[in-house]
Amino acid sequence: MVSFEPKPRYNIDDLLKIAELLRGEGGCPWDAKQTHKSMRQNMIEEAYEAAEAIDMENDEMMCEEFGDVLLQVVSNCRIAEERQGFNFDDVVNGVCQKLIERHPHVFGDIVVHSTGEVLDNWEKIKQHSKGQTKYTETLTSVPKTFPALMRCQKVQKRAAKSGFNYPDVTWALEALESEIKELKKAISAKDEENINEELGDIIFSAVNVSRILGADSETVALKSCDKFIRRFAKLENLAKAEGHNLDELDIDKMLKLWSEAKQNQILEENKND
């Protein structure tokens, strides 16, 4: 057993000490074996759980999930400190320096008149600090580990800052329709490689439409997924009410019930509004 005195309330110093004890002699065998790579997936999962808590607007959940995210940061910092890479104080120092540098309108004499100017300054300072002299470098710096839709939108947004941007959504919709036509041609030709490429182009073009409309593609896609699940549940309930399992029905019957489920869902949503 390690030496640690329980307290009625803990602070960041306590968390740092606990992380040290868990990995030290007499600590936890599991924690002691962890590496940056072994904890990588945990970091991703905790971030998504925090995002869900935010979406639910649940303070209790947010408090817990933010703590789990902080634990991932502290644990990784402890691992780095043990190999004499960096420590928690280095991380705090780095982010403080970044915030001060990228907010010259707060900590300097720069004057801004809108949030748009704030974001523009942020990007310019970021490019300068990272030594990026070409717009292409800003695109390649978008992490490949981002979810696909998020990465597409981020790349498009940065490309747009160079002026490479459609004047309005009509142009983006025409580009999307063009990609759909190309996919149809690839399917007709049974060109599997080209089919996959055109599918990717359609998704990328759809994200561009979303971006120009000011919507977040990841968010709207998730909402559509949730809507599909709710509607599918209604479809299955309708089938059950008629004494059938879904796998007993042909596609024509399923689509008829799907249309009915869609109408029921729209009526319910309008009633709630």
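The values are calculated or read from the model by the stated rules, or taken from the named source; none is laboratory data. Owing to the predicted nature of the structure, the values given are computational and were not obtained by experimental measurement. So basically every Cβ, Gly included, is an ideal-geometry build from the backbone, and we count neighbours across all protein chains shown. Just so you know, the surface numbers come from the protein's heavy atoms only, side chains and all, with ligands and any DNA or RNA stripped out. Shrake-Rupley method; radii C 1.70, N 1.55, O 1.52, S 1.80 Å.
Please give me the summed charge of the neighbours of Leu16: other residues whose Cβ is under 11 Å from its Cβ, Lys and Arg +1, Asp and Glu -1.
Result for the neighbourhood of Leu16: -3.
Put one equal scatterer on each alpha carbon of the range 233-273, apply the Debye formula with no solvent term, and list log10 I(q)/I(0) at q = 0.30, 0.33 1/Å to two decimals.
Log10 of I(q)/I(0), two decimals: -0.98, -1.10.
In the neighborhood of Pro6, defined by Cβ-to-Cβ distances under 13 Å, what is the net charge if each Lys or Arg adds +1 and each Asp or Glu adds -1?
+1
Give me the mean projected area, in nm² to one decimal, of the convex hull enclosing the Cα positions of the range 41-197.
For the Cα atoms of the range 41-197, the hull's average projected area reads 14.7 nm².
For the range 140-273, count the residues as N, evaluate 2.2 N^0.38 Å, and divide the Cα radius of gyration by that value, please.
Dividing the Cα Rg of the range 140-273 by 2.2 N^0.38 Å gives 1.35.
Using a simple spin-label model with points 7 Å from Cα along the Cα→Cβ vector, what separation in nm is obtained for Ile100 and Asp55?
3.8
Mind checking which aspartates and glutamates have their C-alpha under 13 Å from Lys240, skipping anything on the same chain fewer than 8 residues away?
Glu248
For the chain, what is the accessible area per residue in Å² when the probe is 1.4 Å?
Each residue of the chain exposes 72 Å² on average to a 1.4 Å probe.
Can you give me the Rg/Rh ratio for the range 109-196, using Cα atoms for both radii and the Kirkwood formula for Rh?
Here Rg/Rh amounts to 1.11.
Which of the residue pairs Lys223/Lys262; Lys161/Lys227; Lys37/Lys227 have a Cα-Cα distance greater than 26 Å in the structure shown?
Lys161/Lys227; Lys37/Lys227
With a cut-off of at most 11 other beta carbons within 10 Å, and DSSP calling the residue loop, which trypsin sites (Lys or Arg not before Pro) in the range 101-130 qualify? Please list them.
Answer by residue number: Lys130.
Taking θ as phi - 60°, what are the ³J(HN,Hα) couplings along the range 58-69 by the Karplus curve (6.51, -1.76, 1.60), each to the nearest whole Hz, with x for Gly and Pro?
Calculated HN-Hα couplings, in order: 10, 4, 4, 5, 4, 4, 5, 5, 5, x, 5, 5 Hz.
Determine, from the Cβ-Cβ distance of Asn11 and Val73 and an R0 of 22 Å, the FRET efficiency 1/(1 + (r/R0)^6), rounded to the nearest 0.05.
0.90
Would you give the gap between the C-alpha center of the range 191-207 and the C-alpha center of the range 213-273, rounded to a whole Å?
Cα centres, the range 191-207 to the range 213-273: 26 Å.
Report, in deg cm²/dmol and to the nearest 500, the calculated mean residue ellipticity at 222 nm for the chain, where each DSSP H run with n ≥ 4 adds -39500 (n - 2.57) and the sum is divided by the residue count.
That calculation yields -24000 deg cm²/dmol at 222 nm.
Given a 1.4 angstrom probe, I'd like the percentage of the accessible area of the range 111-216 that is carbon and sulfur, rounded to a whole number.
Carbon and sulfur atoms account for 57 percent of the accessible area of the range 111-216.
Tell me the volume per residue, in Å³, of the convex hull enclosing the alpha carbons of the chain.
275
Once you keep just the Cα pairs under 8 angstrom separated by 6 or more residues, what percentage relative contact order results for the chain?
After rounding, I find 9 percent.
Give, as a single signed number, the net charge of other residues whose beta carbon lies under 15 Å from the beta carbon of Arg83, with Lys and Arg counted +1 and Asp and Glu -1.
Cβ neighbours under 15 Å give a net charge of 0.
With a cap of 10 neighbouring Cβ atoms within 10 Å, and only residues DSSP puts in a loop, list the chymotrypsin sites (Phe, Trp or Tyr not before Pro) found in the range 72-172.
Hits after loop and neighbour filter: Phe164.
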